[in-house]
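Worksheet: one structure, shown below.
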Amino acid sequence: MRKVILWLSLVLGLIFTGLAVAQPTQAATVDNSLQEVKDKGTLVMGTSPDYPPYEFLVNRGGKDRVVGMDVDIAKKIAKDLHVKLVIKQMSFDSLLVALETHKVDMVISGMSPTPARKKSVDFSKIYYRGGQSIVVNKTDAKLYKDKNSFANKTVGAQTGSIQYDLGKKQIKNSTVKGLDKITDLILALKSNKVQGVIMEEPTAQAYVENDKGLAMVNGKFHLGDGENNTAIGFRKGSTSLVNEVNKSVDQITSQNLTKQYLADAGSYMKVNTKNTSMWHYAGYFGKGVEYTLIITVISVFFGILLGTLFALMRLAHNPLVHSVGVAYIEFVRGTPLMIQVMFVYFGIGLFINIPALTAGIIAVSLNSAAYVAEIIRGGINSVPIGQTEAARSLGLSKNQTFSSVVFPQALKNIWPALGNEFVSLIKESSIVSIIGVTDLIYQLKAVQTATYKGVLPIVVAMILYFIMTFSLSKVLNHFERRMRHE
Amino acid sequence: MSKMIEIKGLSKKFGKTEVLKDLNGTVEKGQVICVIGPSGGGKSTFLRCLNLLEQPTSGQVTFEDSDLTALNEGQLNQLREKMGMVFQSFNLFSNMTVIENVKLAPMKVKSMSSDDAQTLALKLLDQVGLKEKADVYPASLSGGQQQRVAIARALAMNPDVMLFDEPTSALDPEMVGEVLKVMQDLANEGMTMVVVTHEMGFAKNVADQVWFMDGGVFAEKGTPTEIFDHPQNERTQDFLAKILEA
Ligand SMILES: Nc1ncnc2c1ncn2[C@@H]1O[C@H](COP(=O)(O)OP(=O)(O)OP(=O)(O)O)[C@@H](O)[C@H]1O
Ligand SMILES: [Mg+2]
């Protein structure tokens, strides 16, 4: 019991020290947000490109590019500010955290300026006003008139979105199913998991135009001021930047530029849907496989390196070293990889700006290290004590005994388990897609958005994962067999 | 005769249980000591205290004029190489071939060249009758063969004394003889040996001294004739009676 308490206090102590240091320095009282952007010469836009026609990916010659109305707006703003536009993709959920942690300067992602959001975000003027629609299967279209037809039914909406709240509050007795991606919601609709999907009118329009199986219904929701409008989000206190951007927004409104932007988006969407064969998107999948492999291989390498270190720490006789080893291993194994990924990207990102890929690799490596440490420790402990005694009785030192006798034998037990860890990392690394690393899962979603096809990209990704894990297992088995002599 | 090992007031506790109680004894150069006694009496612990695989709780073990209990790790490693040890469960290194098992310590500890170690190892394997098994892995050998390799491995460090802990107890009966033969040859060549054993025949024929251990003490010490033919201590008599019955 005393031991347990010791470990707990050690772990908690570590976290609190981390947090104390991690407190973001209070927002500077002086607002130099505009000057900062001008000084660095770039304007970083955060967006979740799965929301046509606002923002989505197009595939041009195997390369994907974020396009859509919001991108055109961002381009105009950057041009007016005389800076370069940089687009960062990530999931909708991560956008505001990214804003807060200085990963992006602004968020343009079809976002409505709700009172709740206004508490933590400064918004520009409204640049687009649209209604909220409900997309349904065409076969059921006659059943639904407006939101009230969905009483006692299940509807879908993006997690954390306005539409989600609308569904909860304004449809009687409804169940609202929240998913991260519109593409997944459409898939849920088609498989009758939900009867309708609430989304903004232009988006609904885009889906219906591109998928003959879908129809749309005007939701006729009671929309508050913020709820049918779209604006640009900024860090709290960026008044100077907001004011400057509002000048561009005013122009957009007065010249009705969104009409042109939406037309452009529409033509891009036709490019996408012209060729929806998976071959056409081989480049997407290829890139996804490449990133998944890069993350896995580098993480395995550092995982083994650090894992060995932590295993030795845990086996050490020095009580302090031992406890640190135990605390690390237990803590990492006791928290989800997803949270670790977010912690590294957003938390550590407060001090040093690390790219998403690096953050993903760091998090996966640190996570893997804990599991590798246990594999190595188990392998070392499984070598019979008699082997050590025999070596010591011959005059071998502790180190000689370890390197010549114990470790080579431990390795034989460690190898297969390490191989399994390698294989499972290929699968588990997929979690990094939440911070926008373009691994296979991320690309799968991109292809789903681009092609309006739900299932086929999943099948392709599944097969690709299987090919990777299966061939790796085969290779590892081969080495394992070669190591087994006796 | 000169003293090889001298044990003075040796005690060993595991936690609160006192396993060895104030042991004294002397092993002369060239002597063969057989330690016999009932299970759990402390024989293995005693033997392991001689080369400090087990740290004595108190008392002294003097080997060739050095008090082992006062040495540091490095000095201890140097003296351990002169005390070969053979275990009940052989403990051959399973990741190495037979000859690699024998060569390891001379190369690592004495920095012998691989060629010299090879020559030495082949000579020793020949001595225990296993030259032709040099390149196989231990797992493919019988128990008796493994134990003979273990003896060769210990001899490769050219030890001044050999410690045996029930070297034949884990063997099928038909293999006991081949191992005892190797040990008998060693004794005949003048090797100093401390042997924990249940082989009363071996003790009778080969030992210079038999130490009977029970409950952590040497209940009786004497020549094989004294111990086997005229045991004085009641516990010795009981033990021998039971052994002979079996
Ligand atoms: N590492 C240890 N920790 C605690 N107790 C131990 C340890 N090693 C041995 N003992 C105890 O010390 C006593 C003596 O054990 P030891 O192995 O020396 O007896 P032995 O005479 O060799 O017996 P056997 O003939 O069965 O090998 C036993 O009661 C045993 O349980
Ligand atoms: Mg024993």
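The values are calculated or read from the model by the stated rules, or taken from the named source; none is laboratory data. Here the structure is a predicted model, which means the values were calculated and not measured. Every residue, glycine as well, gets a Cβ built from its backbone with ideal geometry; the counts of neighbours run over all protein chains shown. We work out accessible area using only protein heavy atoms, side chains counted, and drop any ligands, DNA or RNA first. Shrake-Rupley method; radii C 1.70, N 1.55, O 1.52, S 1.80 Å.
So what is the relative contact order of chain A, in percent, for Cα pairs below 8 Å that sit 6 or more residues apart?
With pairs under 8 Å counted, the relative contact order is 19 percent.
Taking amide hydrogens as modeled 1.01 Å from N in the peptide plane, which residues meet the under 5 Å criterion relative to B:VAL86, leaving out close sequence neighbours?
Amide H neighbours of B:VAL86, under 5 Å, 5+ apart: B:LEU163, B:PHE164, B:ASP165.
Heavy atoms only, 1.4 Å probe, whole protein assembly: order A:TRP279, A:TRP415 by accessible area, highest first.
Of A:TRP279, A:TRP415, the descending order of accessible area is A:TRP279, A:TRP415.
Rank B:MET4, B:LEU76, B:ILE33 by how far each Cα sits towards the positive end of the charge dipole of the range B:1-102 (+1 on Lys, Arg Cβ; -1 on Asp, Glu Cβ) and give me just the farthest.
B:ILE33
If you count, for each residue, the other Cβ atoms within 10 Å and average over each peptide, how do A:45-56, A:349-360, A:130-141, B:10-21 line up from highest to lowest?
Answer by packing, highest mean first, reads A:45-56, A:130-141, A:349-360, B:10-21.
Using amide H atoms built 1.01 Å from N in the peptide plane, name the residues 5+ places from A:VAL194, or on other chains, whose amide H lies under 5 Å from its own.
Here A:LEU189 satisfy the definition.
Taking every DSSP beta bridge with both residues inside the protein assembly as shown, roughly what % is antiparallel (nearest 5)?
Around 55 percent of the beta bridges assigned by DSSP in the protein assembly as shown are antiparallel ones.
Any chance you could look up the accessible area of A:ILE77 with a 1.4 Å probe, heavy atoms only, rounded to 10 Å²?
0 Å²
How large is the Kirkwood hydrodynamic radius of the range A:132-218, counting all unique pairs of alpha carbons, in Å?
Value: 12.2 Å, from the Cα pair sum.
Whose amide H sits under 5 Å from the amide H of B:MET4, counting only residues 5 or more places off or on another chain, with H placed in the peptide plane?
Counting only residues 5 or more places away or on other chains, the set is B:VAL27, B:GLU28, B:LYS29.
For the pair A:GLU290 and A:SER277, how long in nm is the line joining their label points, each one 7 Å along Cα→Cβ?
Result: 2.3 nm between the two label points.
Only four residue types carry charge here, +1 at the Cβ of Lys and Arg and -1 at the Cβ of Asp and Glu. Report the dipole size of the range A:280-485 about the Cα centre in Debye, rounded to the nearest 20.
Charge dipole of the range A:280-485: 360 debye, to the nearest 20.
For the range B:128-218, what is the per residue volume of the convex hull drawn over the alpha-carbon atoms, in cubic angstrom?
121 Å³
Find the relative contact order for the range A:280-485 and round it to a whole percent, using C-alpha pairs within less than 8 Å whose residues are 6+ positions apart.
30 percent
Considering only DSSP beta bridges where both residues belong to chain B, give the percentage that are antiparallel (nearest 5).
Just about 55 percent of them are antiparallel.
Determine, for each peptide in A:86-92, A:458-464, the mean count of other beta carbons within 10 angstrom over its residues, then list the peptides with the highest first.
A:86-92, A:458-464
Over all directions, what mean area does the Cα convex hull of the protein assembly as shown project, stated in square nanometres?
Mean projected area of the Cα convex hull: 43.7 nm².
How large is ³J(HN,Hα), in whole Hz, for each residue of the range A:372-385 in order, when computed from phi with the Karplus curve 6.51 cos²θ - 1.76 cosθ + 1.60 and θ = phi - 60°, using x for Gly and Pro?
3J(HN,Hα) across the range A:372-385, in whole Hz: 4, 4, 5, 4, 5, 4, x, x, 5, 5, 7, 6, x, 4.
Given +1 on the Cβ of Lys and Arg, -1 on the Cβ of Asp and Glu, and no further charges, what dipole in debye does the range A:376-486 carry about its Cα centre, rounded to the nearest 20?
120 debye
Report the one residue of A:ILE126, A:ALA98, A:SER149 whose Cα lies farthest in the direction of the positive end of the charge dipole of the range A:89-179 (charges on C-beta: Lys and Arg +1, Asp and Glu -1; origin at the Cα centre).
Result: A:SER149.
Per DSSP H run of n ≥ 4, the term is -39500 (n - 2.57); total these for the protein assembly as shown, divide by its residue number, and report the mean residue ellipticity at 222 nm rounded to 500 deg cm²/dmol.
Numbers: 26 runs with 357 residues, N = 732.
Using -39500 (n - 2.57) per qualifying helix, the result is -15500 deg cm²/dmol.
Between their Cα atoms, which of A:LYS75/A:LYS118; A:LYS75/A:LYS177; A:LYS38/A:LYS76 are more than 26 Å away from each other?
A:LYS75/A:LYS177
For peptide B:71-84, compute the average count of partner chain beta-carbon atoms within 10 Å of each residue's beta-carbon.
Counting Cβ atoms of other protein chains within 10 Å of each residue's Cβ and averaging gives 2.
How large is the accessible surface of B:MET83 in square angstrom, using a 1.4 angstrom probe and rounding to the nearest 10?
Its heavy atoms expose roughly 0 Å² to the probe.
Could you go through the range A:93-106 in sequence order and give the Karplus-derived ³J(HN,Hα) for each residue, using 6.51 cos²θ - 1.76 cosθ + 1.60 with θ = phi - 60°, rounded to whole Hz, and x for Gly and Pro?
Result, ordered by residue: 4, 8, 4, 6, 5, 4, 5, 4, 8, 6, 6, 9, 8, 8 Hz.
Given B:VAL161, A:ILE414, A:LEU305, which one lies farthest toward the positive end of the charge dipole of the protein assembly as shown, if we put +1 on the Cβ of every Lys and Arg and -1 on the Cβ of every Asp and Glu?
The listed residue farthest towards the positive side: A:LEU305.
Kindly write out, for the range A:332-345 in residue order, the coupling ³J(HN,Hα) from the Karplus curve 6.51 cos²θ - 1.76 cosθ + 1.60 (θ = phi - 60°), rounded to whole Hz, with x marking Gly and Pro.
In residue order, the calculated couplings are 5, 6, x, 10, x, 4, 4, 5, 5, 4, 5, 4, 5, 5 Hz.
Kirkwood hydrodynamic radius of the range B:4-73 from all distinct Cα pairs, in Å?
12.5 Å
Provide the convex hull volume over Cα atoms per residue for the range A:280-485, in Å³.
Given the Cα convex hull of the range A:280-485, per-residue volume reads 132 Å³.
Where nothing but the Cβ of Lys and Arg (+1) and of Asp and Glu (-1) is charged, how large is the charge dipole of the protein assembly as shown around its Cα centre, in debye to the nearest 20?
Around 3820 debye, computed over the protein assembly as shown.
Can you give me the angle between helix A:2-22 and the longest principal axis of chain A, using Cα atoms only, in degrees from 0 to 90, rounded to the nearest 10?
Tilt of helix A:2-22: around 40 degrees.
Hey, got the average number of other protein chain Cβ atoms within 10 angstrom for residues in A:408-420?
Details: counts 4, 4, 1, 1, 2, 0, 0, 0, 0, 0, 0, 0, 0.
Shielding by partners across A:408-420 averages 1.
I need to check one value: relative contact order of the range B:1-105, counting alpha carbon pairs closer than 8 Å and at least 6 residues apart, in percent. Before the final figure, lay out the partial values.
On the way: 119 pairs, mean separation 26.5, N = 105.
Relative contact order, the range B:1-105: 25 percent.
Could you check the simple spin-label distance between B:GLN55 and A:LYS172, using points 7 Å along Cα→Cβ, in nm with one decimal?
For the pair B:GLN55/A:LYS172, the computed spacing is 8.0 nm.
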